[in-house]
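**Student:** Just passing along the structure, written as structure tokens.
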Amino acid sequence: MYIFTQLAVMIKKNLEIISSIGSVILLIIMFALSHMIRNSIHQEYGFIVSLVVFILVMSVIGLKLNEMN
């Protein structure tokens with residue numbers, strides 16, 4: 001039973017690490033796409049939307065990982 005508990009903790013830690021790295025890569029890609037927009041007003045909105053999406057993704061991932069045993 002102890003082994004299964006340790007395995008579940010390790011899987012959860014791996015999921016946390018992978019999801020964090022994936023979220024940061026998503027943020028970098030969205031910043032790059034926002035940077036390609038030439039109009040400065042739309043570029044600023046792109047950066048804001050990128051941050052909001054990043055925060056929402058991290059929040060949802062955190063809530064889902066919290067539900068795991």
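**Student:** Cα gyration tensor of segment 27-69, axes a ≥ b ≥ c as square roots of the eigenvalues: rounded (a/c below 1.5), prolate (a/b > b/c) or oblate?
**Tutor:** On the way: a/c = 7.67, a/b = 3.37, b/c = 2.28.
Here segment 27-69 falls in the prolate category.
**Student:** Okay, moving on. Taking R0 as 22 Å, what FRET efficiency do you get between VAL60 and ILE17 from their Cβ-Cβ distance, rounded to the nearest 0.05?
**Tutor:** Values: r = 17 Å, r/R0 = 0.76.
About 0.85, to the nearest 0.05.
Quick note: the coordinates plus some simple rules give every number you see, no bench work behind them. Computed from a predicted structure; not experimentally measured. Neighbour counts run over all protein chains shown; Cβ positions are idealised from the backbone, glycine included.
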